[in-house]
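Okay, so here's the structure we're looking at.
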There are 2 protein chains.
Amino acid sequence: MDLLFIAARDVAGKSASVLAAAGLGRAHARALHFIARNPGLSVAELLGFLKITKQSLNRVMSDLLKGGFVERKTGMQDRRTRSLQLTPAGKALADAVWNAQRPILAAAFRSAGQDAVGGYRKVLIGIAGDPERWRKNP
Amino acid sequence: MDLLFIAARDVAGKSASVLAAAGLGRAHARALHFIARNPGLSVAELLGFLKITKQSLNRVMSDLLKGGFVERKTGMQDRRTRSLQLTPAGKALADAVWNAQRPILAAAFRSAGQDAVGGYRKVLIGIAGDPERWRKNP
DNA sequence: CTATTTATGACAGCATGTCTGACGTAACGA
DNA sequence: TCGTTACGTCAGACATGCTGTCATAAATAG
């Protein structure tokens, strides 16, 4: 418990300075992160990842769109949906955030060793569930 | 990254209903958690765990004191400090929160196996640092 | 003993992030 | 055509964090 809280807090905290420079907060970073990892996802899917309400996401997305970090296109299969993806500026920002966080994870992974990382992933997947289903709401 | 975020979110989320019934939020739960695990700790130590400002903690602690969940006594060695510990009501609440969260962790630990849990802890300690030093500020 | 530092408490105001509720529009599907 | 779905948006509220400021008591340095 303690470990999970402290680790998540510290990793998220590392990105603060990079984000502040772009006038964004942590909520923006989380949205940015999942859009970066799942290009072209819909708003509903993004909500599934973040588990917040669409009204909450709205403010965050407005900022990202105004800032030119995210691009919103009408979905091709279902024209009601919006396909979200990062602009070059968005990619640059996501990379900057990642570069701020990577050293901690890399150091922890290296010092713990391959086997430990395998166990780490196994347990977290046990807690978080199948990544393939994160995007679904329930 | 994704795993860490989702896992922390889901575990913390499980306690929401229990906390809401007591009129408290997640910030209260975090304070309660660290007081439960480190009985008699000082305010400065609690701030070291939570990494928030004393002004932010103030509101949370006021609520916990008013609600009769936490007890505050003058420190014995250093009379400037305040020794914090849970009241019976606080312990009951902390237990209720823990009982809401335990099943997820227990299931994940069981299905991942002993070795995986060892690796999980090893990596998280690598990210979060030595637990003995969490209570220190810098 | 005096001056300074430390640990804490309190209050005011502000920013962020989240929520519920309500309404509207466009597109899908039976 | 009609009900449902996916989304956008406005309004108002709450929770949680922050900075800044002042006050007090106790420890500590000189």
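The values are calculated or read from the model by the stated rules, or taken from the named source; none is laboratory data. Predicted, not measured: the structure shown is a model, and the values here were computed from it. Don't worry about glycine lacking a Cβ; one is built from the backbone with ideal geometry, like all the others, and counts go over all protein chains shown. Calculation scope for accessible area: heavy atoms of the full protein, side chains included, ligands and nucleic acids excluded. Shrake-Rupley method; radii C 1.70, N 1.55, O 1.52, S 1.80 Å.
Suppose the filter is in contact with a strand residue (DSSP E or B) (Cβ under 7 Å, 6 or more places away or on another chain) and within 14 Å of DNA strand C (Cβ to nearest atom); does B:I52 pass it? It would help to see each step written out before you state the result.
On the way: in contact with a strand residue (DSSP E or B) (Cβ under 7 Å, 6 or more places away or on another chain): no; within 14 Å of DNA strand C (Cβ to nearest atom): yes.
The answer is no for B:I52.
For the stretch A:121-134, state whether one or more residues are facing chain B (nearest Cβ under 7 Å), part of a helix (DSSP H, G or I), touching a Ser or Thr at 6+ places or on another chain (Cβ under 7 Å) and over 18 Å from A:H33 (Cα atoms).
yes
Please tell me if B:V11 is in contact with a Leu (Cβ under 9 Å, 6 or more places away or on another chain), closer than 30 Å to A:Q114 by Cα and away from DNA strand C (no atom under 15 Å from the Cβ). Steps first, answer last, please.
Working: in contact with a Leu (Cβ under 9 Å, 6 or more places away or on another chain): yes; closer than 30 Å to A:Q114 by Cα: yes; away from DNA strand C (no atom under 15 Å from the Cβ): yes.
The answer is yes for B:V11.
Between residues in the stretch A:6-27 that are within 14 Å of chain B (Cβ to nearest Cβ) and closer than 15 Å to B:D2 by Cβ and residues that are open to solvent by 20 Å² or more (accessible area, probe 1.4 Å) and among the β-branched types (V, I, T), which pairs lie under 7 Å by C-beta distance while being six or more apart or on different chains?
Pairs found: A:V11/A:I104.
Going through B:L84, B:L105 one at a time, which residue ends up being within 16 Å of DNA strand C (Cβ to nearest atom) and either within 8 Å of chain A (Cβ to nearest Cβ) or over 19 Å from B:V18 (Cβ atoms) (or both)? Quick ask: steps written out before the conclusion?
Working: B:L105 fails: within 16 Å of DNA strand C (Cβ to nearest atom).
Among B:L84, B:L105, only B:L84 is within 16 Å of DNA strand C (Cβ to nearest atom) and either within 8 Å of chain A (Cβ to nearest Cβ) or over 19 Å from B:V18 (Cβ atoms) (or both).
Kindly indicate the residue of the stretch B:76-88 that is open to solvent by 90 Å² or more (accessible area, probe 1.4 Å) and outside any helix (DSSP H, G or I) and also farthest from DNA strand D (Cβ to nearest atom) among those meeting that condition.
Restricting to residues being open to solvent by 90 Å² or more (accessible area, probe 1.4 Å) and outside any helix (DSSP H, G or I), the top hit is B:R82.
Give the stretch B:21-32 a look and list any residue that's open to solvent by less than 20 Å² (accessible area, probe 1.4 Å) and more than 11 Å from B:V97 (Cα to Cα), or say none.
B:A31
With (1) open to solvent by 70 Å² or more (accessible area, probe 1.4 Å); (2) under 30 Å from A:G119 (Cβ atoms) as the list, and B:V18 as the residue in question, which single condition is left unmet?
If we test B:V18 against (1) open to solvent by 70 Å² or more (accessible area, probe 1.4 Å); (2) under 30 Å from A:G119 (Cβ atoms), just (1) comes out false.
Could you give every pair whose Cβ atoms fall below 6 Å, whose first residue belongs to the stretch B:71-87 and is free of Cβ contacts under 8 Å to residues at least 24 places away in the same chain, and whose second residue is open to solvent by 50 Å² or more (accessible area, probe 1.4 Å) and of a type outside the set (S, T, N, Q), counting only separations of at least 6 or pairs across chains?
Listed pairs, sorted by first residue: B:R72/B:R82; B:T87/B:E71.
How many residues are over 16 Å from B:D10 (Cα atoms) and among the basic types (K, R) if we restrict to the stretch A:97-121? Please lay out each step first, then the result.
Residues of the stretch A:97-121 over 16 Å from B:D10 (Cα atoms): A:97-120.
Narrowing the set further to residues that are among the basic types (K, R) leaves A:102, A:110.
Number of matching residues: 2.
Within the stretch B:110-120, track down each residue that is more than 7 Å from chain A (Cβ to nearest Cβ) and open to solvent by less than 100 Å² (accessible area, probe 1.4 Å). Walk me through how you get there before you give the answer.
If we filter the stretch B:110-120 for residues that are more than 7 Å from chain A (Cβ to nearest Cβ), which is where we start, we get B:110, B:113-114.
Listed by number, the list holds a single entry, B:G113.
Is there a residue in the stretch B:91-113 that is assigned to a strand (DSSP E or B), of a type in the set (V, I, T) and in contact (Cβ under 8 Å) with a residue 12 or more places away in the chain? Talk me through it step by step, then tell me what you get.
The initial filter retains those residues of the stretch B:91-113 that are assigned to a strand (DSSP E or B), namely none.
No, the stretch B:91-113 has no match at all.
Of the residues that sit in the stretch B:33-58 and are within 12 Å of another protein chain (Cβ to nearest Cβ) and assigned to a helix (DSSP H, G or I), which one is most open to solvent (accessible area, probe 1.4 Å)? Spell out the reasoning first.
Initial filter on the stretch B:33-58 (within 12 Å of another protein chain (Cβ to nearest Cβ)): B:33-34, B:36-38, B:48-52.
If we keep only those that are assigned to a helix (DSSP H, G or I) as well, we get B:33-34, B:36-37, B:48-50.
Values: B:H33: 34, B:F34: 2, B:A36: 34, B:R37: 114, B:G48: 2, B:F49: 6, B:L50: 14 Å².
Residue satisfying both the conditions and the ranking: B:R37.
Can you tell me which condition A:K73 does not meet? The list is (1) away from every other protein chain (no Cβ under 14 Å); (2) buried (at least 16 other Cβ atoms within 10 Å of the Cβ); (3) within 13 Å of DNA strand C (Cβ to nearest atom); (4) not in a loop (DSSP other than H, G, I, E, B), and all the others hold.
Only one criterion is unmet by A:K73, namely (2).
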